[in-house]
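Asks: Would you mind keeping the following structure in view while I ask a few things?
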Amino acid sequence: MPYRGVAPAVLAVTRGEVDLYCSDIPGAITLLDAGKVTALGITSRKRSTTLPDVPPLAEQGLPNYAATGYVGIMVTGGTPPAIVRGLNASINEIVREPDFAKHFSAFGYEMHGGSIEEFQSFLQDDIERYRRLMRDAGIAPE
């Protein structure tokens, strides 16, 4: 059932209006800590350092299942390459600071950083994966 955001979905699951809720780890941690929901599995290929006792769906009979959220930073097209490289270097520096990584890991984020080319490739692969899923399911883009 689609909701207009995380807050209405969380409200529905805590009220018992829906039986199943799929969330990113940061959106679920408070509910888990309060005992309002029980984690059945995570969608990444490997266990999360934040929730190490929650097995991935890949360990539960869906060996090829993997869906991982991500946060990426982008600039508008036409931004000079030197500026893009400088921003990428600065962002990687910050992401790899131990205090920064530790702070965000408490919310379930695993910080990685990487090159511009790696992120472009990741995005292209992700778009293609969803394109195939939509095609195979007979879903036409609107």
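The values are calculated or read from the model by the stated rules, or taken from the named source; none is laboratory data. Treat the numbers as computed from the prediction; the structure is a model and nothing was measured. Virtual Cβ from ideal backbone geometry, glycine too; neighbours counted across all protein chains shown.
Asks: For Lys36, work out the one condition from (1) at pLDDT 90 or above; (2) more than 15 Å from the chain's Cα centre (by Cα); (3) within 23 Å of Val10 (Cα to Cα) it doesn't fulfil.
Replies: Failing condition for Lys36: (1).
Asks: Quick check: is even one residue across region 115-124 touching a His at 6+ places or on another chain (Cβ under 8 Å), surrounded by 13 or more Cβ atoms within 10 Å (Cβ to Cβ) and farther than 30 Å from Glu17 by Cβ? First the steps, then the outcome.
Replies: Just the residues of region 115-124 that are touching a His at 6+ places or on another chain (Cβ under 8 Å), to begin with: none.
No, there is no match, as no residue in region 115-124 is touching a His at 6+ places or on another chain (Cβ under 8 Å), surrounded by 13 or more Cβ atoms within 10 Å (Cβ to Cβ) and farther than 30 Å from Glu17 by Cβ.
Asks: Which number in (1) in contact with a strand residue (DSSP E or B) (Cβ under 8 Å, 6 or more places away or on another chain); (2) more than 28 Å from Arg129 (Cβ to Cβ); (3) not aliphatic (A, V, I, L, M) marks the one condition that Thr43 misses?
Replies: Of everything listed in (1) in contact with a strand residue (DSSP E or B) (Cβ under 8 Å, 6 or more places away or on another chain); (2) more than 28 Å from Arg129 (Cβ to Cβ); (3) not aliphatic (A, V, I, L, M), Thr43 misses just condition (2).
Asks: So which residues in region 1-28 are assigned to a helix (DSSP H, G or I) and either of a type in the set (Phe, Trp, Tyr) or surrounded by 17 or more Cβ atoms within 10 Å (Cβ to Cβ) (or both), if there are any at all? Can you show your working first?
Replies: Just the residues of region 1-28 that are assigned to a helix (DSSP H, G or I), to begin with: 6-14, 25-28.
Across region 1-28, the qualifying residues are Ala9, Val10, Val13, Ile25, Gly27, Ala28.
Asks: Further question on the same structure: In region 54-67, what residues are modelled with pLDDT of 90 or more, assigned to a loop (DSSP other than H, G, I, E, B) and within 21 Å of Met111 (Cα to Cα)?
Replies: Passing the criteria: Val54, Pro55.
Asks: May I pose another question? I need a count of the residues in region 1-46 that are charged (D, E, K, R) and farther than 21 Å from Gly61 by Cβ. Working first, answer last.
Replies: Filtering region 1-46 for residues charged (D, E, K, R) gives 4, 15, 17, 19, 24, 33, 36, 45-46.
Subsequent filtering for residues that are farther than 21 Å from Gly61 by Cβ retains 4, 15, 17, 24, 33, 36.
Number satisfying all stated conditions: 6.
Asks: Right, next: May I ask you to list pairs of residues, at least six apart or on different chains, whose Cβ atoms are under 8 Å apart, with the first in region 71-92 being in the same structural domain as Gly113 (by TED's automatic domain parsing) and the second being surrounded by 10 or more Cβ atoms within 10 Å (Cβ to Cβ) and not hydrophobic (A, V, I, L, M, F, W, C)?
Replies: Asn88/Ser115; Ile91/Gly113; Asn92/Gly113; Asn92/Gly114
Asks: What pairs come out if I take residues in region 37-65 that are closer than 24 Å to Val18 by Cα and pair them with residues that are of a type in the set (A, V, I, L, M, F, W, C) and in a strand (DSSP E or B) whose C-beta lies under 6 Å away, six or more apart or interchain?
Replies: Close Cβ pairs satisfying both conditions: Val54/Ile42; Pro56/Ile42.
Asks: Mind telling me which of the residues Thr43, Thr76 ends up being loosely packed, with under 10 Cβ neighbours inside 10 Å and of a type in the set (Val, Ile, Thr)?
Replies: Working: Thr43 fails: loosely packed, with under 10 Cβ neighbours inside 10 Å.
Step by step, each of Thr43, Thr76 is checked, and only Thr76 is loosely packed, with under 10 Cβ neighbours inside 10 Å and of a type in the set (Val, Ile, Thr).
Asks: Additional query: List, please: which pairs have Cβ atoms under 6 Å, are six or more places apart or on different chains, and start with a residue in region 116-142 that is within 19 Å of Val75 (Cβ to Cβ) and end with one that is in a helix (DSSP H, G or I) and modelled with pLDDT of 90 or more?
Replies: Hits for this filter: Ile116/Asn88.
Asks: Then there's this: So, of the residues in region 21-53 that are hydrophobic (A, V, I, L, M, F, W, C) and in contact with a helix residue (DSSP H, G or I) (Cβ under 8 Å, 6 or more places away or on another chain), which turns out to be farthest from Gly108 (Cα to Cα)? Don't jump to the end; show me each part of the working.
Replies: The first filter runs over region 21-53 and keeps only residues hydrophobic (A, V, I, L, M, F, W, C), leaving 22, 25, 28-29, 31-32, 34, 37, 39-40, 42, 51.
Adding the requirement that they be in contact with a helix residue (DSSP H, G or I) (Cβ under 8 Å, 6 or more places away or on another chain) leaves 31, 37, 39, 42, 51.
Numbers: Leu31: 13, Val37: 16, Ala39: 14, Ile42: 12, Leu51: 8 Å.
Checking each candidate, the answer is Val37.
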